[in-house]
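The values are calculated or read from the model by the stated rules, or taken from the named source; none is laboratory data. The shown structure was predicted, so the numbers you read here are calculated from the model rather than taken from an experiment. Every residue, glycine as well, gets a Cβ built from its backbone with ideal geometry; the counts of neighbours run over all protein chains shown. The protein model used for the area step is the full one, side chains on, heavy atoms only, and it has no ligands, DNA or RNA in it. Shrake-Rupley method; radii C 1.70, N 1.55, O 1.52, S 1.80 Å.
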Amino acid sequence: KCDPDHVIALRERYAEVTPGWHMNKKHWIKLVLDSDVPAQEIKTLVKQAYDLIVASLTQSKLQELGLQ
């Protein structure tokens with residue numbers, strides 16, 4: 001998952017960042033790990049995706065997962 005404003009820039013910068021398959025193309029991306037995307041950028045994107053998902057969870061789901 002990715003911020004929609006960042007998705008366009010990533011697709012323009014890296015050939016191996018494409019719309020997520022069977023996902024909302026506005027928010028989800030697919031990236032090939034063995035590609036032109038630097039390892040640090042991949043780590044940053046994974047962290048950002050995690051943060052976006054956690055921010056969208058309900059209070060009860062956060063408690064259930066022990067994240068609150």
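See the values below:
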| item | result |
| --- | --- |
| Share of carbon and sulfur in the accessible heavy-atom surface of the chain [1.4 Å probe, %] | 58 percent |
| Accessible area per residue in Å² at 1.4 Å probe, computed on the chain | 74 Å² |
| Loop-resident sites, the chain, for trypsin sites (Lys or Arg not before Pro), counting at most 16 other Cβ within 10 Å (DSSP) | K25, K26 |
| Rg(Cα)/(2.2 N^0.38 Å) for the chain, N = residue count | 1.24 |
| Nearest-10 value in Å² for the accessible area of T44, using the 1.4 Å probe | 50 Å² |
| At R0 = 35 Å, FRET efficiency that the Cβ-Cβ distance of E16 and L67 yields, to 0.05 | 0.70 |
| Contour excess over end-to-end distance, with Cα ends at D34 and L52 and 0.36 nm allotted per residue | 4.1 nm |
